[in-house]
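Since every read-out is calculated from the coordinates, none of them should be taken as a lab result. Given the structure is predicted, the values throughout are model-derived calculations rather than measurements. Cβ placement follows ideal geometry from the backbone for every residue including glycine, while neighbour counts extend to all protein chains displayed.
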Amino acid sequence: MRVAIIILATIMLAGPAQAQEWPTFKHDAQRTSYSDYSAPDTDEIAWTFDVDGSLSSPVIDNYKVFVGSSEGYLYAINVLNGRELWRFEAGGEVSSPTVSDGRVYFGSHDNSVYCLSATTGEKLWSYSTQDAIYSSPAVVNNVVYITSTGNYVYAINAATGQRIWEKNLGNKITSSPAVDNNLVFIGTWGGAVYALHTSNGSVNWSRTLDNYAITSSPVVAGGRVYIGSDDWNLYALDEVTGDNLWKFDTEGQIESSPAVASNIVYFGSSDGYVYAINALNGGLEWSYLTEGPIQSSPAVADNKVFISSQDGYLYALDAQSGELIWKHHIGTTGSASPAAAYGKVFVGTSDGRLYCFGSWGSVPGGDIGKGVIYLFIAALLVLMLWGLIHLKPPKPKRIRKKGSSGGVAEI
């Protein structure tokens, strides 16, 4: 019975939190931008956080929001109330980070990859690259995969910071790598997509789409690689061979990185449209016109598509129909992409403001009060768990009863 209670308490404490994280740019190493948890139905704001400079795409892990700034800082922010926990100063603009096993990894325009403690912000190691880093790292099996603008892809030991391999692809790289089935997928400014072996960086296949730059980051899902190009097309490639399966033409450059959920590919274009494309055949499911170009990548959660446009709005669209659910003016949006976690949506702007959309509920004290209640419940469960483990059962009482001879027998 005691073991069952301990297991139940552990699941209550750890299960929901771990499952609802958004620990890297576009959610996971495959860059699907999809979470199967809840997301806000309205544009109610829980809190905002302001810094100097523009913000990267945020990531969320263990009730902390991590976000980089163009002023060279990485911030850790309390997810419940939007208060700063710590900050770390790098030597240049900070890219969107990745959190794995209690550590935060990110690149900077100072030509360095950093690894920090997610709890304290202490620097654990750094690695110098050839050039500035715009991409977000993918961390898989204790290896950090990241690209630099100077044509290079790096594989770095996540624990020690030692380089495992590097690969020069001959063209500028700003998109973030995706990792799946022991392959690293990357797009370059030379118009080519590469699949490299995770073990040594050797080329498994490469496919030149056109002579236009690829700034969109690839997403891998269902045995296919989806990626946008400045030639105005979204491409679907075979994950194993690189064969071009289909392409979808828009009326503008595609800097937005696609999201994939339930065999639908979602992405934005500089023509101002958000598109939903059938992942199997490239057919149009729906499109929604905003009032500005789109560089942001969508986040998909709770049957909603969240994406920002250069018109200054964050949009929440119905994932099945494309109908508008809500929109909110957030200012100069830039290219930062939203993230969905804990039933909230987080997005940063070029004005230096981080938004948390969603409510913790109507309780005394508002959003902060609800957060305190959650923490109180968690603390109570921890105390119960501690008591079950450490408290000893009472010793059995001795019972004295009279024997048949008139004496007293002790049991």
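Counting only Cβ charges, +1 for Lys and Arg and -1 for Asp and Glu, the dipole size of region 25-155 around its Cα centre is about 400 debye.
Once label points are set 7 Å from the Cα along Cα→Cβ at both SER206 and ASP351, what is their separation, rounded to one decimal in nm? The answer from the label model is 4.4 nm.
Once both labels are positioned 7 Å from their Cα atoms along Cα-to-Cβ, the gap between GLU122 and THR241 label points is 5.3 nm. For region 2-359, the Cβ-based charge dipole about the Cα centre amounts to some 1020 debye (Lys, Arg positive; Asp, Glu negative; other atoms uncharged). Under the shape rule built on the C-alpha gyration tensor, where the axes satisfy a ≥ b ≥ c, region 2-359 is rounded, since a/c falls short of 1.5.
Taking region 46-128, which GluC sites (Glu not before Pro) meet the DSSP loop condition and have no more than 13 other C-beta atoms within 10 Å? Answer in residue order: GLU122. If you plug the beta carbon distance of ASP101 and ASN78 into 1/(1 + (r/R0)^6) with R0 = 25 Å, you get a FRET efficiency near 0.75.
When HIS329, HIS197, HIS27 are sorted by how many other C-beta atoms sit within 10 angstrom of their C-beta, beginning with the fewest, the order is HIS329, HIS197, HIS27.
Computed extension gain for LEU280 through ASN303, at 0.36 nm per residue and net of the alpha carbon distance, reaches 6.3 nm. Cα centroids of region 104-173 and region 236-289: 29 Å apart.
What percent do you get for the relative contact order of region 232-324 when only Cα pairs under 8 Å and 6+ apart count? List each step's numbers first, then the result.
Details: 227 pairs, mean separation 17.9, N = 93.
Contact order relative to length: 19 percent.
Charge dipole of region 120-241 (Cα centre as origin; +1 on each Lys and Arg Cβ, -1 on each Asp and Glu Cβ, all else neutral): 240 debye, rounded to the nearest 20.
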